[in-house]
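I have placed the structure first, in the form of structure tokens, so that the comments after it can refer back to it.
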Amino acid sequence: MSNSDWQRRKEQVFARGMGNIFPVYAEQAQNAEIWDVEGKRYLDFASGIAVVNTGHSHPDVVRAVRKQLDAFSHTCVMVTPYSNVVELAEKLVQVVPIDDARAMFVSTGAEAVENAVKIARAATGRAGVIAFNGGFHGRTNLCMGLTGKVIPYKKGFGPFTPEIYHAPFPAAYLGISAQDSLDALHNLFKADISPERVAAIIIEPVQGEGGFYPVPDGFLASLRQICDEHGILLIVDEIQTGFGRTGRMFACEYDGVEPDIMTLAKGIAGGFPLSAVIGKRAVMDAPDPGGLGGTYAASPLGCAAALAVLEVIENEALCERAEAVGQRLETGLRELQHVHGDRIGDIRRKGAMVAIELVREGDVNQPDAALTKALSVKACELGLILISCGVRGNVIRVLTPLTIPMEQVDEGLDILAEAFAACV
Ligand SMILES: Cc1ncc(COP(=O)(O)O)c(C=O)c1O
């Protein structure tokens, strides 16, 4: 059966809302390569959206999960827990930049965010949550409300939970400075919600779906100060940025800021569904026993994978490797910008979280979503999986596995150059 046969079958039984970017049906994947059902090879510059930081089917991760699977796959952590969830919590409370931290586990990023907000509300006795324009926090109702992008995430799905407010995200390229953003936040406190009714401010240290905009230096520290002043909790959503992706274990380490709560998912378990909320002990212990959990929370398979992932990140020095991969990508993209300066308006990078923003005539106000789409389609044709993002749909984001061989980084860059030549 070909890709198009499978796509036809899918379209006959699947809800339209759950689409796929490429009509490519994966059959096998290893490190940074995927082979489809037709035997065609692709380089994976998406990592299943920042999930397989340790590469597809890393042998250590596969071995750990196999061993767990041979023992048991599920007992429910709330009924009869198991040792690997404790070991994982012990390790994670050590690696996060939070003193005296406590952990809880669920399955998806959205669930982690939901629980972070539940915990913040329980700890403060307040309802309000402030998020940022362009931010993405997931597809459940509370997370949709927090997400700062209507199409396609919120369109037709309201009403959303009350007491959610948005401030502009500081994105230098879009002309929004850190000061603009802080001024807007203070204005929110004057116009919409008094700070003593705000439970939490939630922010991604580098906006993912929103367009790979990193917070400016010092911005998280400013938020920390505002939070401390008003008894507000700072939730840092590291679901896309965590586990070595940005060249540090967690992106908020760049600012030296201690969050009250962090949400972790995606790269945590190398492709197995697991997510975590980690925060300060007093905050995390606010909900009563039984208030947090879920049938599949802290799957033992996910925990086994996550323990292996942490070892791989350390043994293979993947934070350092992320920086090296990111630098190589940036060098190649700057060469491309040299040729297509009028179309590549900006190149942004934090470690191996790299993006190019596509415009017309070098003008930030002429976003080129059509070129972005064409490039990603052409790249796929040429054997490179490359996905887009951005509130304006005009950003190509590069999220290779951190374990990708450098020759494959170069090979992918060559394909991107070829795609550019064909599309502009
Ligand atoms: C920053 C961030 N938060 C939350 C989520 C939601 O995670 P999930 O899709 O696992 O629910 C994502 C997913 O892309 C994300 O990037």
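Sort through 373, 350 and tell me the only one that's basic (Lys, Arg) and over 20 Å from the mean Cα position of the chain (by Cα).
On the way: 350 fails: over 20 Å from the mean Cα position of the chain (by Cα).
Just one listed residue meets the conditions, 373.
So which residues in the stretch 194-250 are within 15 Å of the ligand (Cβ to nearest atom) and on the phi > 0 side of the Ramachandran plot?
Of everything in the stretch 194-250, those that are within 15 Å of the ligand (Cβ to nearest atom) and on the phi > 0 side of the Ramachandran plot turn out to be 211, 212, 243.
Return the pair list, or none, for Cβ contacts closer than 6 Å from residues in the stretch 251-265 that are closer than 15 Å to residue 206 by Cα and polar (S, T, N, Q) to residues that are outside any helix (DSSP H, G or I) and at pLDDT 95 or above, at least 6 apart or on different chains.
These pairs meet every condition: 263/237; 263/239; 263/277.
Looking at the stretch 266-293, which of its residues are within 13 Å of the ligand (Cβ to nearest atom) and either part of a strand (DSSP E or B) or more than 13 Å from residue 58 (Cα to Cα) (or both)?
Listed by number, the residues that qualify are 266, 268, 273, 274, 275, 276, 277.
Do we have residue 362 as surrounded by fewer than 23 Cβ atoms within 10 Å (Cβ to Cβ) and modelled with pLDDT under 95 here? So that I can check it myself, show each step before the final result.
Details: surrounded by fewer than 23 Cβ atoms within 10 Å (Cβ to Cβ): yes; modelled with pLDDT under 95: no.
No, not satisfied.
What is the one condition in (1) away from the ligand (no atom under 15 Å from the Cβ); (2) over 14 Å from residue 232 (Cβ atoms); (3) among the aromatic types (Phe, Trp, Tyr) that residue 136 does not satisfy?
Going through the list (1) away from the ligand (no atom under 15 Å from the Cβ); (2) over 14 Å from residue 232 (Cβ atoms); (3) among the aromatic types (Phe, Trp, Tyr), residue 136 breaks only (1).
Please go through the stretch 22-81 and pick out each residue that is buried (at least 20 other Cβ atoms within 10 Å of the Cβ) and of a type in the set (Ser, Thr, Tyr).
42, 47, 54
What are the residues in the stretch 90-108 that are in contact with a Phe, Trp or Tyr (Cβ under 9 Å, 6 or more places away or on another chain), within 16 Å of the ligand (Cβ to nearest atom) and not in a loop (DSSP other than H, G, I, E, B), if any?
106
Can you list the strands (runs of 3 or more DSSP E) lying wholly within the stretch 1-67 that have 3 or more residues being free of Cβ contacts under 8 Å to residues at least 40 places away in the same chain?
Answer list for the stretch 1-67: 26-30.
Give the residue that is surrounded by the fewest Cβ atoms within 10 Å (Cβ to Cβ), with candidates limited to residues of the stretch 152-171 that are without any contact (Cβ under 8 Å) to a residue 40 or more places away in the chain, more than 16 Å from the ligand (Cβ to nearest atom) and closer than 20 Å to residue 208 by Cβ.
So the residue we want is 155.
Which of the following residues is over 26 Å from residue 411 (Cβ atoms), outside any loop (DSSP other than H, G, I, E, B) and modelled with pLDDT of 95 or more: 322, 304, 298?
On the way: 322 fails: over 26 Å from residue 411 (Cβ atoms); 298 fails: outside any loop (DSSP other than H, G, I, E, B).
Of the residues listed, the single one that is over 26 Å from residue 411 (Cβ atoms), outside any loop (DSSP other than H, G, I, E, B) and modelled with pLDDT of 95 or more is 304.
What number of residues in the stretch 231-244 are touching a Leu at 6+ places or on another chain (Cβ under 7 Å) and either over 19 Å from residue 99 (Cβ atoms) or without any contact (Cβ under 8 Å) to a residue 12 or more places away in the chain (or both)? Quick ask: steps written out before the conclusion?
Kept after step one, since they are touching a Leu at 6+ places or on another chain (Cβ under 7 Å), are these residues of the stretch 231-244: 234, 238-239, 242, 244.
This time we only want the ones that are either over 19 Å from residue 99 (Cβ atoms) or without any contact (Cβ under 8 Å) to a residue 12 or more places away in the chain (or both), so: 239, 244.
Total meeting the criteria: 2.
The values are calculated or read from the model by the stated rules, or taken from the named source; none is laboratory data. Just so you know, these numbers come straight off a predicted model, no measurement behind them. Methodologically, a virtual Cβ is constructed for each residue, glycine included, from the backbone with ideal geometry; neighbour enumeration extends over all protein chains shown.
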